[in-house]
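Scroll down for the structure; my scribbles are underneath it.
The values are calculated or read from the model by the stated rules, or taken from the named source; none is laboratory data. As the structure is a prediction and not an experimental result, all values here were calculated from the model. For neighbour counting, all protein chains shown are included, and Cβ atoms are generated from backbone atoms with ideal geometry for every residue, glycine included. For accessibility, only protein heavy atoms count, side chains too; no ligands or nucleic acids. Shrake-Rupley method; radii C 1.70, N 1.55, O 1.52, S 1.80 Å.
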Amino acid sequence: MANYFLDNQDIQFLFSHIEMQQLAALQERFAENGDADYAPTSSAEAVEDYHRVLQITGHVAATNIAPNAERVDRDGNLLNQDGTVTLHPCVRENLDWMAKADLLGFTVPRKYGGLNCPNLIYTIATEIVARADASFMNIFGLQGIAETVNAYASQEIKDEILPQFAEGKVTGAMVLTEPDAGSDLQAVRLRAHQDEHGNWLLNGVKRFITNGCGEILLTLARSEPEMSDGLGLSLFLSERCDQIKVRHLEKKLGIHGSPTCELVYENAPARLIGERKRGLITYVLALMNGARVGIAAQSLGIAEAAYRLARTYAHTRHQFGMPIEKLPAIAEMVTDMQVAIEAARALTYETSCICDKENNAMRLVEWHADQLEKEELKSLKKEVRQLKRINSMLTPMSKYYASEMCCRVADDAIQVLGGSGYMKDYAAERHLRDARITTIYEGTSQLQIVAAIRGVLSGVFDSWAVDFEQKEYDDLMLTELKQKLITGRSQLSEAIIFVKKQPASYADLAARRLVDGAIAIMTGHLLLDQATNNERKKRVAKRFVQLKMPILKMNTEQVLSGDSMPLDEFQLLAGPVPTTA
């Protein structure tokens, strides 16, 4: 029977390679189980639960969601005249399957009916669902709304809202962007004001809202009209009502099953989440970071689906009297697609593990400080600061690297299928259309680089890499590969020193090349670590390092050249702005 968890050898390998019991122990310490019918009695039992949950996810994805994907992509959803949206019947069916399998409260505590899974397990599940249908992942993947409610809302709101998420009665939306506030969320204008009874009301327009027709909306709004920057923004929870209407459903290149809405708020009742003025700076940043890991997982799922299609086609399609996988150009393309997916998966899962460590350490510090010894509390606070620094670099790196990889792999899949890939006879064209958004939403690749470069320039990357460079390998090949990574870091360090002496604009210009280099070194070390007891992984690590280190050397040489022509001679090189006539 088809199962997208059990049939993925790399995910199976990583599930056994990663220290799952350690993550489970962190997740279960002081877990909010309430009156739940069941809770694991040990870390080992919790890990067995994770495996069982992913097995169910893999089964539902393969047997229920994937068969609906083509029809959903063809038909999309429906905007009604009254400003509501009717989801495609197959999308509604997918949600029902997920609810019946108890898979809509992945990270919600058990006291509210959730599964209390770590972020890593949710990330794996997200990838599995995205492989079946990338557009449905956008609804499944919005469980971060429940996480935000659990982390920052009042107890009254949590008691009311979280069980509804866990039971699958509601879906959510992260309502942030506006016509003039896309990447720059500090420019948000939607107004929040209080009436004479102290009730909050929202007025304004939001645009490009994924699943904006959901029942629970977390909306970023300007509660302090006298403040024009991010400090003037607060986060509000609204429930679907007549005062919030969908004015427009976007017509898109891909992810047709995911309704992207323009919303109009007219005196819509709302409740404040957390404290005023912390909407953007604290709550939305946390929400966005979780969403970015989710997009990295979505990218993995799309790439996995595209790769499998290309791999099968290359094996079965015969030309010149042989399967085309025997042709060197195709063999290299297919090989590097698989290596790229495993590399991006290594980085994304590592990021998820760091998220779990940070989230749980912060939970203990903020919610259970009175139950901890003084020394442990002090140690945990220090750990939170360290993990936050690493995470602020790793999360944008993962989103950037996995989404760019996804687009390349989906494009290569069409190339392997040739003319057939361009036609709608195969899902390859859908995978490429679905892939294209991953480098754009939840922050473009360029914005992820801006976020990640801080960690590369400030020494966070070096500290991370040094720890891995201390690792000793018994295998000669792995030792030699590690030395190549050490040499690569030395070349990167030279470029970083050079950039720090240049104007700030040059650092921005060189950022992509520097971040690419740092990602190559970090991912290389992760693959070496995976290769310790696995012969196939040794070959994957070798291919990756041999591909990436020459590119790193080329990029650092370009940085060291000091070439800033795209800035200095923009008008000359880009030419005049074209006329629209």
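Observations on the model:
- Taking all pairs of distinct alpha-carbon atoms in region 28-130, Kirkwood radius in angstrom: 15.3 Å
- Our note on the geometry: Cα centres of region 455-527 and region 388-430, 24 Å apart.
- Sorted peptide list for 529-538, 322-331, criterion being average Cβ within 10 angstrom, highest first: 529-538, 322-331
- Projecting the Cα positions of 88, 59, 101 onto the charge dipole of region 1-170 (unit charges on Cβ atoms of Lys, Arg, Asp and Glu, taken about the Cα centre) puts 88 furthest along the positive direction.
- Alpha-carbon centroids, region 541-581 and region 219-234: separation in whole Å: 38 Å
- Among 6-16, 169-179, sorting by the average number of other beta carbon atoms lying within 10 angstrom of each residue, highest first, gives 169-179, 6-16.
- Solvent exposure of the chain amounts to 45 Å² per residue of accessible area, where only protein heavy atoms count and the probe is 1.4 Å.
- Computed about the Cα centre, the dipole magnitude for region 457-563 is approximately 340 debye when only Lys and Arg (+1) and Asp and Glu (-1) carry charge, each at its Cβ.
- Region 323-422, accessible surface, carbon-and-sulfur percent (1.4 angstrom probe): 52 percent
- Bridges between two residues of the chain, per DSSP, are antiparallel at a rate of about 85%.
- Axial C-alpha extent at least 30 Å, average Kyte-Doolittle at least 0.5 - helices from the chain (DSSP): 504-530
- For the chain, the relative contact order comes to 11 percent (Cα pairs under 8 Å, sequence separation of at least 6).
- Of the peptides 562-574, 292-304, the ranking by mean beta-carbon count within 10 Å, highest at the top, reads 292-304, 562-574.
- Sparsely packed loop sites in region 196-233 (the GluC sites (Glu not before Pro) outside DSSP H, G, I, E and B with at most 11 other Cβ atoms within 10 Å) comprise 196, 226.
- For the chain, the fraction of alpha-carbon pairs lying more than 37 Å apart is 34 percent, rounded to a whole number.
- Applying both filters, DSSP loop and at most 16 other Cβ atoms within 10 Å, to the chymotrypsin sites (Phe, Trp or Tyr not before Pro) of region 469-507 gives 473.
- Taking only protein heavy atoms and a 1.4 Å probe, the accessible area of region 457-563 is 50% carbon and sulfur.
- Under 21 Å from the Cα of residue 111 - lysines, other chains or at least 8 residues apart: 100, 158, 169
- Estimated dipole of region 8-162 in Debye, rounded to 20 [Cβ of Lys and Arg +1, of Asp and Glu -1, Cα centre]: 200 debye
- Cα gyration tensor category, rounded, prolate or oblate, for region 172-272 with a/c compared to 1.5: oblate
- Per DSSP, loop trypsin sites (Lys or Arg not before Pro) in region 485-517 with at most 14 further Cβ within 10 Å: 501
- Helices in the chain, meaning DSSP H runs of at least 4 residues, each add -39500 (n - 2.57). Divided by all residues, the mean residue ellipticity at 222 nm is -19500 deg cm²/dmol.
- The magnitude of the dipole of the chain, with charges of +1 and -1 set on the Cβ of Lys/Arg and Asp/Glu and taken from the Cα centre, is near 1080 debye.
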